[in-house]
Structure formats: structure tokens, C-alpha cells
Amino acid sequence: MIGIIGGSGLYQGMEGLQGKEETISTPYGEVNILKGENFLFISRHGYPPKPPHRINYHANMMAFKLLKVKDIVAISSVGSLKKEYPPGTVLLPDDLIDFTGKVWTYHNEKAYHVNMYEPFCRELREKINKKTGIPIRGTYVSMKGPQFETKAEKSMLKVLGADVVGMTVAPEAKLTKELGLCYQPVAIVVNFVGGETSHKGTLEMMKRMGKNIACIVRTIITL
């Protein structure tokens, strides 16, 4: 059983995923899931979709834990900071910078420090690479959102070594680490970070890439 998180534009599942819809209760709220024979799908934003700062990350990640799903693949739309990664590129990031400015933890009453030196799951990443051919490269930077980056922020992020930027991976990576789960994002480049970036453009690009994304997911759930 593998867990799939659907990102922007994948609010109601995706082509080729057939399963039973269920609602799971967690200590952090209820989560709607699509449960198939060998996968469990959660729409990150839900439906109707919530903006990134209102996503119940704690409930989503805990649902996987309660359902004993250890391996989790997150489909995430991203903006590219480098010309080497044009729209349409698919990457398996191997590092993370968190600029959300928020605390992401299940441990609010006592000190607990989880090792984030490798934020994503190397074993799962290598399995996906071997099965799909998606290249392993790139540092993902999570910004607070829901607004896109300023010109100065883009320049700063490039100096810091970031390759792609999004809003949702940091909280998921940190919470799954605390839960002892294996988490790996699949970054779908939908635009270059710049003055033409828009939410509408993101959704349109994800729609155009829908068949390719569905093919990737169908392959991943056979790992």
C-alpha cells in the first residue's frame, strides 16, 4: 500500500485511479480519502479546494499513519528558478528549504527534535527513479503563500541554491518525519518564477499535464 497526495488541480482524484471513498477521523480532524487495492489517495487541498495556509496538514499526515501507510508520494506543482527546468519538467527533489515561517510539529507540550538533515526518503526516491526514470535532483523551497514570490525573493532563493519553489512540501515533510513515515515529493514544474506567474496558469498547466501525471502515479502505485 502506498500513499498518494494530490496537489493543485488534482482535487478530485486523477485519471485511472479507481477506489472507494471513505472519511477517516483523526485527532486533528476528518480526512476524505480514496482507497484502492494498492494505494490510498488524499487530495491535499480537499474539495472545494482550500488555500495552502488553511490545509489541515496534521490531519492529512496522521490519516496515513492511522491507516498504516508508510510510503507517501506527494504530487506538487512548482515554479522553476532555473532555465534548466522549464515548464513540463518533472523532478524528484532531494533537499528542502523552509521559508513558511511556521512551526510544523505534533509535539507542542514537550521538547522533541527530529533529524531533518535528509528531509525526503532516499529509498523511496530511488525506487521511483528506477521505475519511472524521473531524475533525482533539485532543492525545493517552501514559501508561506498564498501569494507568489517577489522579484527580490526570486533573486534571494537562487543565491541560496534553490531550484524549484512551492508552498506545501515543508509541512508535509516535517510532519511525516515526526511520524516515522517515508515521504517523497514529485515536483511538476508549471512555470518559471516571474512576472507572468498566476494561479490560473498553474491550474491550466496541471490540466495539460494530466495524462502524464496520471501515468506517473499509476506506475508509482505498483512499486
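Some observations on this one:
- 5 angstrom amide H check on Gly138, placed H, neighbours 5+ away: Asp94
- Net lengthening on full extension, Lys207/Arg137 (0.36 nm per residue, minus Cα-Cα): 22.8 nm
- A straight line joining the Cα centroids of segment 20-37 and segment 128-203 runs 26 Å.
- Look at the alpha carbon pairs under 8 Å that are at least 6 residues apart: their mean separation over the length of the chain gives a relative contact order of 28 percent.
- Residue order, fewest to most beta carbons within 10 Å, for Lys174, Lys131: Lys131, Lys174
- Prolate/oblate/rounded label for segment 157-223 (Cα gyration tensor, a/c 1.5): oblate
- Beta bridges assigned by DSSP with both partners in the chain are antiparallel in approximately 30 percent of cases.
- Electrostatic bookkeeping for Lys131 treats Lys and Arg as +1 and Asp and Glu as -1; over the other residues with beta carbon under 12 Å from its beta carbon, the sum is +3.
- Among the cysteines of the chain, Cys215 have no other cysteine beta carbon within less than 4.7 Å of their own.
- Across segment 86-91, computed HN-Hα scalar couplings (Karplus, 6.51 cos²θ - 1.76 cosθ + 1.60, θ = phi - 60°) run x, x, x, 6, 10, 10 Hz from first to last residue, x flagging Gly and Pro.
- Shape class of segment 96-187 from the alpha-carbon gyration tensor: oblate, with a/c at 1.5 or above and b/c at least as large as a/b.
- The H on the amide N of Thr26, modeled in the peptide plane, is under 5 Å from the matching H of Val31, each at least 5 residues off or on a different chain.
- Here the spin labels are modelled as points 7 Å beyond Cα on the Cα-Cβ line, and at Arg218 and Gln18 they lie 1.2 nm apart.
- 5 angstrom amide H check on Gly3, placed H, neighbours 5+ away: Leu40, Asp71, Ile72, Val73
- Global form of segment 94-147, assessed from the alpha-carbon gyration tensor, a/c cut-off 1.5: oblate
- Ratio Rg/Rh, restricted to the chain and using Cα atoms, in which Rh is the Kirkwood radius: 0.93
- Computed lengthening from Thr150 to Asp95, 0.36 nm per intervening residue step minus Cα-Cα distance: 17.6 nm
Here, each number is a calculation from the coordinates, and none is a lab measurement. Here the structure is a predicted model, which is why all the values come from computation and not from measurement. Cβ coordinates were reconstructed from backbone atoms using ideal geometry, including for glycine residues, and neighbour counts include every protein chain displayed.
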